[in-house]
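Worksheet: one structure, shown below.
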Ligand SMILES: Nc1ncnc2c1ncn2[C@@H]1O[C@H](COP(=O)(O)OP(=O)(O)OP(=O)(O)O)[C@@H](O)[C@H]1O
Ligand SMILES: [Mg+2]
C-alpha cells in the first residue's frame, strides 16, 4: 500500500484527508475536555453519596433528598426572595467596597506622605477579625440593614485598598512621561494609560472582594438579619433539618459560581485580550 | 534689527543628581544654540548625559541651574510642540499598533478625520503596513521600535528629540529608516536633536555634531558637517569625514589615550 502524504488509511479502508482527521481529532479533544469537567463534578456527587450511605440522613442527606428539598424550597418561592435579598446585600456591599477601595488605594498611591501615615491603619484594619467588626457595629448601630452592609464592607475594604495601592505604586513612570510628552490631557491619560495599568489589579481585587463579600454577607445575615440565605440556613439549622440547610447553601453557591464563571470565562478574556497568552 | 530667536538654547547649564544623599554633577557648563530647521547630533559615550539633555529640552526634567529657552522663551513657559523618541519604544501594550498612533494623534488634538491617513502613511514609511491590528507583544523588538518612530513622526512636531532610536535595529533597516528620516526632514525642516554614540550615523545625518565627554558631561567640540545633501552611505566623502570625526571623538573622550 502506498503511503501518500496527507492521506491516512483507516481500519474501514476508506481514506480521510489529514485536515479532516485533525478537525475530528480536535473535536474529540474538546469533547473529552468537557467530559473531564463532567467527570469531576460527577465524582464529587458520588463521593457525597457514598458518605451519605454511612451517615444518617439527619447528618448528611443524600443528593436526591437534597434535590427534593431544593425543589420544595424553589416551589414555595420563599428561597427566591431570600436569595434576592442576599444578592442585593452582596452587590451593595461589593460596590461600596470597590469604590472605597479604589479611592483609598489611589490616594495612598499618589502621596507618599499619606501612605506612610495610613500604612499602619491599613494593616490594623486588615488584622481585625471579621467577627469583631460585626459585633461592634451591631452593638453601636443596632441590627439594621445599614449596619449589616457596613460590617461586610469593613471586613473587606482594607485588603482591597491595599491591592489597589500596590497597583498604583507599580504604574510605569515611563509611560506617564510618554503621555506627558505627547501632550495628552488628564482625561486621555486616565483612559488610555492609567486605567489599563490598574485594570489587572482591579479585576483581581474584584474577584477576591466578591468571594469574601458573599461569605461575609451570609455570616452577617446569620448573626443579625431576619431574612436572606444566611438567615434561612440558620433557621433550618435550628430545626435540625440538614437537607434544607444544604438546599439553601447549594442554591446560593450555584448562583455565585455562575457569576464567577461569567467573570473568568467571559469578562476577563475580553478585557485582557491584549496580553500574550500563557501556555497551559 | 530684529533677529529670529534660536529654536533651542542652553546657557551655563549645570545639572546634578542626588543619589543616596550625595550630589553628583552630571552636566557642567553646557552652552549651545540650535537654529530652526537644524539637524544636530549629540555624540558621546554611554553615561555622559545625552538622555539627560533631551529630558531637559523636553521639560520632563525641571531641576537644573542655568537657562534653557525654546524660541527665546524659557522652557517652562514654552508651548512648542515637540515629539520625543525614547531609547525604549514605550508603547501601550493594551492598544493595537494603530490605536497607539491614534493615542498620539488624539493627544496632539489632530482632527479625527486625519487619523486613518496619517496612520497608514507613517506605518508605510517604517515598512509596517499590515500590522495595524496587531498588539504590541505580537511584534519583534525592532518592529516595536519602528512603531514608536511612526508614532513620533505622525504628530508632525516642530522639534523632534531622538534618543538612539535605531540602536535596536539591524543595520540595513536602520539605514532605510535614516534615509526616510532625512527625506522627511528635508521636506518640512523640523528641528532635530538626535542622540547617538555612532560617529558614522552622526556624520551621515547631522548639520553639526556636538561631541561630549563624560564625568561630568560637557560639550567639548561642535563639529560642522559640510557634506552636501542628499548624502550617500558608501561615498568617499562620507567615509573621510567620518574618519576625521572619529579621531576627534576618540581624542575628546580619551578612551584610547
Ligand atoms: N534619575 C537619575 N537619578 C540619578 N542619576 C541619574 C538619573 N538619571 C541619570 N543619572 C545619571 O546621569 C548620568 C547620565 O545619564 P544619561 O541617561 O543622560 O546617559 P546617556 O548619555 O544617555 O547614556 P546612554 O548612552 O547609556 O544612554 C549617568 O551617570 C546616570 O547614572
Ligand atoms: Mg541615554
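Data for the structure
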read-out: Sequence-separation-based contact order of chain B, relative, with Cα cut under 8 Å and 6+ spacing, percent; value: 26
read-out: Residue B:189-residue A:120 FRET efficiency (beta carbon distance; Förster radius 45 Å; 0.05 resolution); value: 0.15
read-out: Residue order, fewest to most surrounding Cβ atoms within 10 angstrom, among B:212, A:126, A:223; value: A:126, A:223, B:212
read-out: Antiparallel bridges, percent of DSSP beta bridges restricted to the protein assembly as shown (to nearest 5); value: 60
read-out: Angle in degrees between helix B:236-253 and the longest Cα principal axis of chain B, rounded to the nearest 10; value: 50
read-out: Alpha-carbon centroids, region B:186-257 and region B:40-73: separation in whole Å; value: 18
read-out: Length-normalised contact order for chain A - Cα pairs under 8 Å, 6+ apart - percent; value: 23
read-out: Viscosity 0.890 mPa s, temperature 25 °C, Stokes-Einstein D of the protein assembly as shown from Kirkwood C-alpha radius, µm²/s; value: 84
read-out: Förster-model FRET efficiency, 25 Å R0, residue A:111 and residue B:20, C-beta, rounded to 0.05; value: 0.60
read-out: Anisotropy class of chain A from Cα gyration tensor, a/c 1.5 cut; value: oblate
read-out: Label-point separation in nm, residue B:244 to residue A:191, each point 7 Å along Cα→Cβ; value: 5.3
read-out: Spin-label zone in region B:48-87 - amide nitrogen under 13 Å from a point set 7 Å from the Cα of residue B:158 along the C-beta vector; value: B:69-83
read-out: Chain B: antiparallel DSSP beta bridges as a percent of all, rounded to 5; value: 55
read-out: Pairwise centroid distance, computed over Cα atoms, of region A:212-280 with region A:52-66, Å; value: 23
read-out: Exposure proxy order (Cβ contacts within 10 Å, fewest to most) of B:253, A:43, A:205; value: A:43, B:253, A:205
read-out: Gap separating the Cα centres of region B:94-158 and region A:168-207, nearest whole Å; value: 19
read-out: Debye log10 I(q)/I(0) for chain B, one point scatterer per Cα, at q = 0.09, 0.11, 0.12, 0.17 Å⁻¹; value: -0.42, -0.63, -0.75, -1.39
read-out: Residue A:204/residue A:258 FRET efficiency (R0 25 Å; Cβ-Cβ; nearest 0.05); value: 0.80
read-out: Distance between modelled label sites at residue A:40 and residue A:180, nm, 7 Å Cα→Cβ extension; value: 4.7
read-out: In degrees, nearest ten, helix B:115-125 long axis to first principal axis of chain B (Cα); value: 60
read-out: Pair residue B:4, residue A:58: separation of 7 Å Cα→Cβ label points (nm); value: 9.9
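FYI, it's all coordinate maths here, none of it is from the lab. Not measured: the values here are computed from a predicted model. Backbone-built Cβ (ideal geometry, glycine too); neighbour counts: all protein chains shown.
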